[in-house]
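Report on the following structure.
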Amino acid sequence: MCGIIGYAGGESDDTVLERLLHGLSNLEYRGYDSAGIAVANAPLAVEKRQGELSELERALTDGGTDSDDWIGSDAVDGFDGPTGIGHTRWSTHGPPSDVNAHPHTSPNGSVAVVHNGIIENYCELREELSAAGYEFRSDTDTEVVPHLIDQERSAGVDRFAAFRAAIDRLEGSYAIAAVFPGCETIYVARHESPLVLGLGEDGNFLASDVPAFIEYTNQVVYLDDGEFAAVSPSSVTVSDESGAVVEKSIETIDWDPEDAGKSGYDHYMRKEITEQPRAIRDCLRGRIEELGGTVSLPELEGLESPSSVQFVACGTSYHAGLFGERLLQRRGIPAQTFVASEYDADELPVDEETLVVGVTQSGETADTMRALRGANRAGATTLALTNVVASSAARECDHVLYIRAGPEISVAATKSFASQQVTLSLLATALADTADPSSSASREHLRELRRLPDHIQSVLDDSNARSVAEAFLESDAYFFIGRGYNAPVALEGALKLKEITYRHAEGFPAGELKHGPLALVTEATPVFAIVSGREKTSATIGNVTEVQARGAPVVAVTDSPETVGSHADYVLEVPETHPAVMPIVANVQLQLVAYWLADALDRPIDKPRNLAKSVTVL
Ligand code: M6R
C-alpha cells in the first residue's frame, strides 16, 4: 500500500522537509516503488522519483526535477515552506516511474495532491477533463484530482470548497491530502483508506499510518469514512460531508517507535492476516455488478474464450491455482494446475487456444517465469495473476490481472492468498460468461464474495485459534484434510504451519487419508478437517470418524458446527456461506493456528529459516 505523510509546521526552514523525509522513511516498511514530496512554497516545490527514497533525496540535493518545468524551486533551499505532503507509491495504475510518482499537480501548479486508494471512475473523469483542455502527464487515476480542484479554483471557489467539490466527484477509495502554494493548511479527505492525524506540540501531522510521525507525537485522531480535515500548524478541524464540524476523540498511542511499522502487532504476518478484509474490498472494487450477476474485468479485453486453462505456480500460489482449477472445472472449463518447476509446455497439449495463468504474488518467481516463457513460446495465451504492478510476470504475459493485496512483508503468504482466491473467483465467472453466454454467474456466489470481508472480520474478532494452537504445542505432526473446494486450503494450512513453526505438517484431499497417510495417525497427531455444511459434508465426516477411531484429536473448521461439531474435539467456526467462499474464510482460522503455534514456540515468524519472500533462482 502507498504511504502518506503531511506536516504543517509553520516555520520557514528545513523542518518541514526533514520531517516529510523522515516520515517517508518510517513508511518504507509498507513497500513502495517511488516517492515524492510537495512543499507549500509559492510557487509549490515538488520533487518525485522512481526507486528508493535515496533517489528522491539525491534529486533534492542535486536540485530540481526535469519533468515539471513550472516548478520554481531548483534546489533543496526552495523547499522551506510552512507545510508539505509526501508519498511512497505502490503502483496500481501505470508502472513505477518519475511521472507516475506522487504528488500530482495541476498543470499550472495551483495544487499538489497525494492519494492512497483506487478511483474507480477515473476514466470518465479523465475524458471529461481532457475535453475541458486538461493535459494528463501520468498514467495514474490520481491525476484527475488536482485537475478537478484546479477547475473549481479557476471558477473562483475557495481552497477548501474546491477540494470538497473535487472529492465529491470521486467514486472508489481514497485517503487524499492537498497543498496549495503559500498556504499553510493541508486539506485531507478519507473514504475506505486509512488516514490518521497527529497532534504535535510544534505542528500537526497527517499520515496513512501512525509510524510516519510516531517520534514527534503519540496523540492521534483517526478519521472516519466521509470525513474531511483542515490541518494547519496551530489547529486541526474535522468536518463531515455536509461541512459540519465533528468533535473527535484524541487517542494516545503507546507503541514503541521501533515496532510501529507493524501497527502495534508483534509481527507483520499478524498484521497482514488482519488486513485481509481491506485487501479483499480493494480486490473486488469496481469488479462486480451484483444485480446483473456479472463480473467486469476490463484487463481481459481481447482475451479469446480458451479451450482449456493451465495454472502454473509455486507454494501458496500453487494452492490458489488448485482452487482456481476447481472453480473453472465446475463451470465446464477444462483446467489443470501445475507446480511451475514441473511444467514443460513442450510435453503438454498447449496451443493458441490454451490460456496459461501464472499465479504469483511477487511476479518474479523464477520457476513460474520459466513456465510462462515456455508457454509463450508454445503459442499459448498467457495471463499473469500477480500483486506487483510491472513485475516480470506482468510485463511478459499477454494479459495481467492484479490481485490488489498491497505489499506483503512477511515471508509467509497470507493476505495475498486470500486476494488470489478472490481474483480467481472473478476470473472463473468472467471466463464462464465468455465461454457460454447463456450461463449467468451465480448471484449467490457474487453476493457472498461481497460479504467475504465481513465474514473474515468476524473470524478475526472471535477466533479461538490461539487456544486450539496452544492445546497442541507438543504434537508429533499436524494433518489437514478437506474435499472439493476445501482440499487446496488443507494443503495451504499445512504449508503455513510447517513454514513458520518448523513442525511436521501435511495436507491431503480427505479421501486420500486411507490410502497411506492413515498409518501415521495417532493420538499425538491432531487432524484439522475443513468441512463445508453444504457440500461433501457426510463424506468428509466419514474421514473424520476414520481418524478419530485411531485416537487422533479432531479440529473441525466449519460453517456448520451443529452438523459437524459432535464429530470434533474442537471447532473453529466460520460464518455460513457459499461453498466456494467458505474455504477462503476457513483458511484465516488456519493462518491464526499456525501463527499462534509459532508464537508460542518463539519462532522468528516473519523470516523463517532458509526461506525468502521472492524466490528468483531455479
Ligand atoms: O511470489 P510467488 O507467489 O510466486 O511465490 C511463490 C512461493 O514462493 C510462495 O507462495 C511461498 O510458498 C510462500 N512463502 C508461502 O507462504
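Points worth noting:
- Condition broken by Arg270, with the remaining ones in (1) surrounded by fewer than 23 Cβ atoms within 10 Å (Cβ to Cβ); (2) more than 15 Å from the ligand (Cβ to nearest atom) satisfied: (2)
- In the set (1) closer than 21 Å to Asn464 by Cα; (2) in contact (Cβ under 8 Å) with a residue 12 or more places away in the chain, the condition left unmet by Asp602 is number (2).
- Glu506 fulfils the conditions (1) surrounded by fewer than 24 Cβ atoms within 10 Å (Cβ to Cβ); (2) within 16 Å of the ligand (Cβ to nearest atom); (3) in a helix (DSSP H, G or I) except for a single criterion, (3).
- Residue match in the range 210-228 (condition: of a type in the set (A, V, I, L, M), modelled with pLDDT of 90 or more and farther than 30 Å from Cys283 by Cβ): no
- Filter result for Ser560 (surrounded by 21 or more Cβ atoms within 10 Å (Cβ to Cβ), under 33 Å from the mean Cα position of the chain (by Cα) and of a type in the set (S, T, N, Q)): no
- Count of residues meeting criterion [within 15 Å of the ligand (Cβ to nearest atom) and of a type in the set (A, V, I, L, M)] in the range 349-388: 11
- Taken together, Glu444, Glu470 contain a single residue that is exposed (fewer than 15 other Cβ atoms within 10 Å of the Cβ) and either in contact with a His (Cβ under 7 Å, 6 or more places away or on another chain) or among the aliphatic types (A, V, I, L, M) (or both), which is Glu444.
- Positions within the range 289-322 being away from the ligand (no atom under 16 Å from the Cβ), closer than 20 Å to Pro349 by Cα and without any contact (Cβ under 8 Å) to a residue 60 or more places away in the chain, in sequence order: Ser307, Ser308
- The one condition in (1) without any contact (Cβ under 8 Å) to a residue 60 or more places away in the chain; (2) more than 12 Å from the ligand (Cβ to nearest atom) that Val422 fails to fulfil: (1)
The values are calculated or read from the model by the stated rules, or taken from the named source; none is laboratory data. Since this is a predicted model, take the numbers as computed values, not measurements. Cβ sites come from the backbone with ideal geometry, for glycine too, and all protein chains shown count toward neighbours.
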